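The values are calculated or read from the model by the stated rules, or taken from the named source; none is laboratory data. None of the values given here were measured: they were computed from a predicted structure. Backbone-built Cβ (ideal geometry, glycine too); neighbour counts: all protein chains shown. SASA here: full protein model, heavy atoms, side chains in, ligands and nucleic acids out. Shrake-Rupley method; radii C 1.70, N 1.55, O 1.52, S 1.80 Å.
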Amino acid sequence: MEKTFKSVVTEFILLGLSSSREQQLFLFFIFSVSYGAAMLGNILIILLVITDSHLHSPMYFLLSNLSFFDMCQATFATPKMIADFLNEHKTITFQGCMSQIFFLHVFGGSEMVLLVAMAYDRYIAICKPLHYMSIMSRRVCTVLVGVSWIIGILHSASHLVFTVNLPFCGPNKVDNFFCDLPLVIKLACLDTYVLEILVLTNSGLLSLICFLLLLISYTIILATVHHQASGGMSKALSTLSAHVTVVVLFFGPLIFIYIWPFESFPIDKFISVCFTVFTPLLNPMIYTLRNKDVKEAMRKLRNRHVGSKQIF
């Protein structure tokens, strides 16, 4: 009986997005371009915030940290997925699998809290504009980012502490392109019902709390804007639209996942792709296309680059 409760699995097989060789080559090209664009877009935002003095404000400080989280979210699994499109045997070591689970929940949990911090920033800016700079000081912004990291790490560690010690003694095929926690837990050779409830409670509770805080924040903001003059309302709504779009893109897939957390559907892989590839790609596009300050900073950076070329 002792052997049945001892983990003998040293690697997992990732079934990926497709078994067709032609489709895999096509997906290799699509995701290589998407990943490259996501990384470049988020690096550009971080670079703009660092180099342009007009973007040295709390909102853009938080935005640059969001871009960093997006880069991390896109990197924990996407490069391996791209490489696996060219490999016949798509395997990942046990340690690699646990690392993917850990980093997924660190960056995902941290980004949730950071989005709440960004909503709080907009609440102060719109509802208490005269006290904005005194409330949203650099120290407060640093603390908010630090808290998002701490919550993300604690959230992820609470998952990993029991997952890493589960006995895996048989099936080792994960029906996705990365080690998704619910799918990995189901491979353990014991009754995982209690563990599934713990995972659902842990992740679902954090997601629900963050989503409710965001909902409350934006409701108060919109109510405040509604009583302002039409010009102020238009400007505030323009600023909020990018934030709300990012929140919808982030929490949309999560809501679907936690409605049926331990049931597999064909659309699950598409949702995983949205969460790990398309959201990090779309976020910088949303902020650059809808934000005049960022577009102006991009223009200055381009002119500076063109000017330096002409000198030489």
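Sequence-ordered 3J(HN,Hα) estimates for segment 104-121 from the Karplus curve with 6.51, -1.76 and 1.60 and θ = phi - 60° stand at 4, 7, 5, 6, x, x, 5, 5, 4, 5, 5, 4, 5, 4, 5, 5, 5, 4 Hz, glycine and proline given as x. Electrostatic bookkeeping for Phe61 treats Lys and Arg as +1 and Asp and Glu as -1; over the other residues with beta carbon under 11 Å from its beta carbon, the sum is 0. Here segment 36-176 is treated with +1 on each Lys and Arg Cβ and -1 on each Asp and Glu Cβ, and its dipole about the Cα centre works out to around 320 debye. Short-range pairs are left out: with C-alpha atoms under 8 Å and at least six residues apart, the relative contact order of the chain is 29 percent. A simple rule links phi to the HN-Hα coupling: the Karplus curve 6.51 cos²θ - 1.76 cosθ + 1.60 with θ = phi - 60°, which for segment 89-101 gives 9, 9, 10, 9, 5, 4, 5, x, 5, 5, 5, 4, 4 Hz, with x for Gly and Pro.
Amide H contacts for Thr91 (H built 1.01 Å from N in the peptide plane; partners 5 or more residues away or on another chain; cut-off under 5 Å): Leu14. Amide H to amide H, with H built 1.01 Å from N, Phe177 comes under 5 Å of Gly16, counting only residues 5 or more places away or on other chains. Taking Cβ atoms as reference points and 14 Å as the exclusive limit, the residues near Tyr218 contribute a net charge of 0, counting Lys and Arg as +1 and Asp and Glu as -1. Between 0 and 90 degrees, rounded to the nearest ten: what's the tilt of helix 292-311 against the longest Cα principal axis of the chain? On a 0 to 90 degree scale, this one is about 90. Computed per residue of the chain from DSSP H runs no shorter than four, each worth -39500 (n - 2.57), the mean residue ellipticity at 222 nm is -25000 deg cm²/dmol. Measuring with a 1.4 angstrom probe and ignoring ligands and nucleic acids, Ser217 comes out at about 20 Å² accessible. Only protein heavy atoms count here; on that basis, with a 1.4 Å probe, Asp191 has an accessible area of about 130 Å².
When the chain is treated as a Gaussian network with alpha carbon springs shorter than 10 Å, the biggest mean-square fluctuation among Ala83, Ala125, Ala157 belongs to Ala83. Its relative contact order, with pairs defined as Cα atoms under 8 Å and 6+ residues apart, puts segment 88-168 at 51 percent.
Taking amide H positions as modeled 1.01 Å from N, with prolines and chain starts lacking one, the residues under 5 Å from Glu11 and 5 or more places away or on another chain are Phe94. Largest accessible area first, the residues Tyr193, Tyr287, Tyr120 order themselves as Tyr193, Tyr120, Tyr287 under a 1.4 Å probe with ligands, DNA and RNA left out. Accessible surface ranking for Arg304, Arg139, Arg299, 1.4 angstrom probe, highest first: Arg139, Arg304, Arg299. Using only side-chain charges placed at the Cβ, +1 for Lys and Arg and -1 for Asp and Glu, the dipole size of the chain relative to its Cα centre rounds to 1180 debye.
Ligands, DNA and RNA aside, Met39 has an accessible area near 40 Å² when probed at 1.4 Å. What does the net charge come to around Lys128 if you take all other residues with beta carbon closer than 12 Å to its beta carbon, with K and R at +1 and D and E at -1? Taking every Cβ under 12 Å from that of Lys128, the sum is 0. With contacts taken as Cα pairs under 8 Å at a separation of at least 6 residues, segment 35-171 carries a relative contact order of 29 percent.
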